[in-house]
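Chemist: Before we start, here is the structure in question, set down as structure tokens.
Derivation of every value follows stated rules applied to the coordinates shown; laboratory data play no part. Quantities reported herein were computed from a predicted structural model and do not represent experimental measurements. In this analysis, Cβ positions are derived from the backbone assuming ideal geometry, glycine residues included, and neighbour counts consider all displayed protein chains.
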Ligand SMILES: Nc1ncnc2c1ncn2[C@@H]1O[C@H](COP(=O)(O)OP(=O)(O)OP(=O)(O)O)[C@@H](O)[C@H]1O
Ligand SMILES: [Mg+2]
């Protein structure tokens with residue numbers, strides 16, 4: 001379980017996240033939705049320990065993690081994978097070497113890396129692109145490479161920040177189907193942030209709605225869709 005207790009985070013005069021309490025059960029596929037500037041990416045960076053909160057606490061199970069530093073922080077972060085809207089791949093490396101990158105950092109031997117990269121290429125179904133350059137790939141293929149790289153070190157949690165926002169509707173569906181499939185196959189906890197209600201509807205079990213740095217509503221996707229309580233949720237569903 002991932003739990004946030006009274007988490008706040010600001011930048012200069014901007015309060016990006018304000019007093020957020022949130023519990024995400026292990027193995028769930030959890031959506032966080034809100035319009036641009038609502039604080040979703042900031043919340044994700046605090047949850048994934050890329051940034052420390054100004055106030056509040058972050059727990060993974062019983063362990064408080066927002067206070068981790070140095071090696072303990074690195075070890076904890078190795079148990080998470082992340083994917084983004086703009087893929088963040090290394091243009092100077094081909095597909096296999098992008099996927100291999102975290103494994104090199106983790107100090108695996110060449111042979112182990114080769115075997116693991118083969119497994120991952122199969123997992124995301126791009127075996128034929130092993131030697132391709134990143135610039136030769138479509139957006140959907142790039143996101144598959146990014147997913148393979150994110151999963152390389154066998155994380156327990158996958159964070160997705162607008163992972164399908166740069167993709168066309170059909171490619172979006174195929175990437176969401178892949179994420180759903182991987183969630184089932186690997187028993188991952190998936191935390192997915194988006195401004196698109198269709199994305200939540202397609203993959204998530206539970207959803208939290210963010211507005212101006214706060215979580216204004218949360219519950220099962222079905223409940224929030226059928227009877228949105230807040231204006232923010234109504235607007236996101238309606239538009
Ligand atoms: N590094 C930063 N420095 C200054 N302000 C920031 C920084 N990151 C975010 N903010 C501000 O914090 C608020 C929340 O931003 P955040 O990126 O978390 O929103 P978001 O919900 O992810 O939006 P989007 O859907 O556009 O990605 C915004 O007002 C933003 O301008
Ligand atoms: Mg964002």
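Chemist: For the range 181-239 and the range 36-54, what is the separation of their C-alpha centers, rounded to whole Å?
Modeler: That distance is 17 Å.
Chemist: While we're on this one: At 7 Å along the Cα-to-beta-carbon direction for both residue 90 and residue 75, put a label point, then send me their distance in nm to one decimal.
Modeler: If labels sit at residue 90 and residue 75, their model points lie 2.5 nm apart.
Chemist: Specify the angular offset, from 0 to 90 degrees and rounded to the nearest 10, of the alpha carbon long axis of helix 110-123 from the longest principal axis of the alpha carbons in the chain.
Modeler: The two axes meet at around 60 degrees.
Chemist: Below 8 Å between Cα atoms, with a sequence gap of 6+, how large is the relative contact order for the chain in percent?
Modeler: That works out to 28 percent.
Chemist: How far is helix 95-105 tilted, in degrees, relative to the longest principal axis of the Cα atoms in the chain, given as a value from 0 to 90 rounded to the nearest 10?
Modeler: Computed tilt is about 80 degrees.
Chemist: Also: Apply the Debye scattering formula to the range 99-239, with a single equal point scatterer on each alpha-carbon and no solvent, then give log10 I(q)/I(0) at q = 0.17, 0.19 Å⁻¹.
Modeler: -0.96, -1.11
Chemist: Relative to the longest principal Cα axis of the chain, at what angle does helix 169-186 sit, 0 to 90 degrees, rounded to 10?
Modeler: 80
Chemist: To continue, here is another question. What order do you get for 159-172, 61-74 when each peptide is scored by the mean count of other beta carbon atoms within 10 Å, highest first?
Modeler: Sorting 159-172, 61-74 by mean packing, highest first, produces 159-172, 61-74.
Chemist: Between residue 237 and residue 166, with labels modelled 7 Å along Cα→Cβ, what's the label distance in nm to one decimal, could you check?
Modeler: So the two model labels end up 3.2 nm from each other.
Chemist: As a test of the formula, what do you get for the chain when each DSSP H run with n ≥ 4 contributes -39,500 (n - 2.57) and the sum is divided by the residue count, at 222 nm and rounded to the nearest 500 deg cm²/dmol? Don't jump to the answer; show the numbers that get you there.
Modeler: Numbers: 9 runs with 93 residues, N = 239.
Taken over the chain, the calculation gives -11500 deg cm²/dmol.
Chemist: Taking the Cβ-Cβ separation of residue 13 and residue 125 as r and a Förster radius of 41 Å, what is the calculated FRET efficiency to the nearest 0.05?
Modeler: Step by step, r from the Cβ atoms, then E = 0.35.
Chemist: Let me ask you something else. Tell me the Rg and the Dmax, in Å, that the Cα atoms of the chain produce.
Modeler: 17.8, 55
Chemist: While we're here: Over the range 119-182, calculate the relative contact order: mean separation of alpha carbon pairs under 8 Å at least 6 apart, over the residue count, as a percent. Please report the intermediate quantities before stating the final value.
Modeler: Numbers: 33 pairs, mean separation 21.8, N = 64.
It rounds to 34 percent for the range 119-182.
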